[in-house]
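Take a look at the structure below.
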Amino acid sequence: MPQKRDPIQRVADGRDLYDVASWEERTTLDRLATRVYGWLTVGGRWSVIALAVLILAAQFLIVGVAAFQNPLLGVYVLLSVVPAAILVFSVWRMDVTMREPLPMLVGTFVLGFLFAGFASVLNTVLKNVVTVIPAVGMLLFFFVVVGPVEETVKWLAIRLYAYRSEKFDAVIDGAVYGAAAGLGFATIENTIYITQQFLTAANSATLQTALGQAFQTATLRTFAGPGHVIYSAFAGYYLGLAKFNPDNRGPIVVKGLLIAAAIHATYNTVVTYVPQFVPNWNLLTFIGFVLVYDGVFLWILYRKLSRYRDTYHDLGAGQAYEDPFDDLTPAIEYVGDDES
C-alpha cells in the first residue's frame, strides 16, 4: 500500500514543510526526541503490561467519582468546563480540511475522560517517591511525573481510537483530537476536585457552606481546565505530523509530548511556588496569571494552526486527489457518516 500523504505534501513542489507537514531532525530538541524514543522502545513490552494493569485500576477509581448526591455539583462541573469546550470548538473550526465527525470527537473525549485514571494512579504512587528529594522534589514531580504522565494519557486517548481511522487524514486533525482528549481529561479532573471539596467541607460544615466551597473550587477549575486542551492540542498536532512522516514517527511523537509536558509542568510549578513570594496573591491574581500564561501558548498554537491553514490554501491542497473515493475531499464539513 502506498504511503498516505497530507494534502500539502502532495502539492508542495519542493517547498520546505518542516514542522508543517513533514519532519526531519534539525534542532537540539529533535535530536533529543529521537534519543528518548530509542530509549522508550526498549521497554515497550513491559510498558504495555503496566498499562493493562493501570487500565483495570482506573476503572475502579472512576466508578467512585460518580457518587454525586447533590445535582448542583453536576451543574458546577458542567459550568467549569465551558471555557475548555469553547477552545475545543475553536480548534475544530480551524481545521481547514475535512471537519472531524462528531462521533470520533465524542469517542476521543470519552477516552480522555477514562484515561485520566492512569494519571491519578501514577501521580499518587510516584509523588511520595519524588517529593522526598530536598528543595527540588516538587519541581521534579511536576516535570518528571505530572507533566509527562498526564500528557501521555491524553495522547493515548487519540492514538488508540481516532488515529487509527481513515477520517484522521491530515496533520491538523491531530490538534483537533488532542483538544477533545484534553477536554475529557479536564472534565473528570474538575469533577474530582469539585466533589472532593464538597465532601470534605460537608463533614464539618452546613450543606450551604459545603456548596459554597465547591463553587469556589469550580471557579478555580474553570480557569485551570482550558490548559489541558491547549497542552494536548500541541501533542496531538505532532501525532498528526508523525502519522504522515512514518520514517520519523517515534521522535516526532516524543517531541510533541516533550513540548506539552514542559508547558504543563511549568504552569504547575508557577502556581505552586510563585504565590509564596508574591504579596497578596489571591483569586484575581491567579486568574490574571492563567489568562496570560494560557493566552501566550494559545497564541503559539493558533500561529501553528494558521501556518498549516495558510500553506494549505497557498498550495491549493484542497484540490489534490490521489484517490477520489478514499482520500481527502475539499474543505467541507461532514454532513453524515459516509459509511452508514
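Taking K and R as +1 and D and E as -1, what net charge do the other residues with C-beta under 14 Å from the C-beta of VAL77 add up to? Computed value for this residue: 0.
Each of the peptides 149-159, 268-278 was scored by the mean count of other Cβ atoms within 10 Å over its residues; in descending order, highest first, they stand as 149-159, 268-278.
Work out, step by step, the length gained on full extension between ILE86 and ARG164: first 0.36 nm times the residue separation, then minus their alpha carbon distance; give nm to one decimal.
Details: separation 78, 0.36 × 78 = 28.08 nm, distance 2.58 nm.
Answer, rounded to one decimal: 25.5 nm.
Sequence-ordered 3J(HN,Hα) estimates for segment 177-194 from the Karplus curve with 6.51, -1.76 and 1.60 and θ = phi - 60° stand at 6, x, 4, 5, 5, x, 5, x, 5, 4, 5, 5, 5, 4, 4, 5, 4, 5 Hz, glycine and proline given as x.
Residues in segment 21-34 carry Karplus couplings, in order, of 9, 9, 7, 8, 5, 9, 9, 4, 5, 4, 5, 5, 4, 4 Hz; the curve used is 6.51 cos²θ - 1.76 cosθ + 1.60 with θ = phi - 60°, and Gly or Pro positions show x.
Can you sort VAL136, VAL176 from fewest to most other Cβ atoms within 10 Å of each residue's own Cβ?
Working: VAL136 11, VAL176 30.
Taking fewest neighbouring Cβ atoms as first place, the list is VAL136, VAL176.
Sequentially through segment 255-260, phi angles give Karplus couplings (6.51, -1.76, 1.60; θ = phi - 60°) of 4, x, 5, 4, 5, 4 Hz, Gly and Pro residues having no value and appearing as x. Under 5 Å from the amide H of TYR18 lies no amide H of any residue 5 or more positions distant or on a separate chain, with H modelled from the backbone and absent for Pro and chain starts. Measuring r between the beta carbons of VAL129 and TYR273 and using R0 = 22 Å, the FRET efficiency lands at 0.60.
Between the alpha-carbon centers of segment 235-287 and segment 84-149, tell me the distance in whole angstrom. Between the Cα centre of segment 235-287 and that of segment 84-149, the gap is 10 Å.
All of the numbers you see were taken from the coordinates with simple rules; none came from a lab. Bear in mind that the values here come from a model prediction, so they are computed numbers and not experimental data. Note that we place each Cβ from the backbone using ideal geometry, even for glycine, and neighbour counts take in every protein chain shown.
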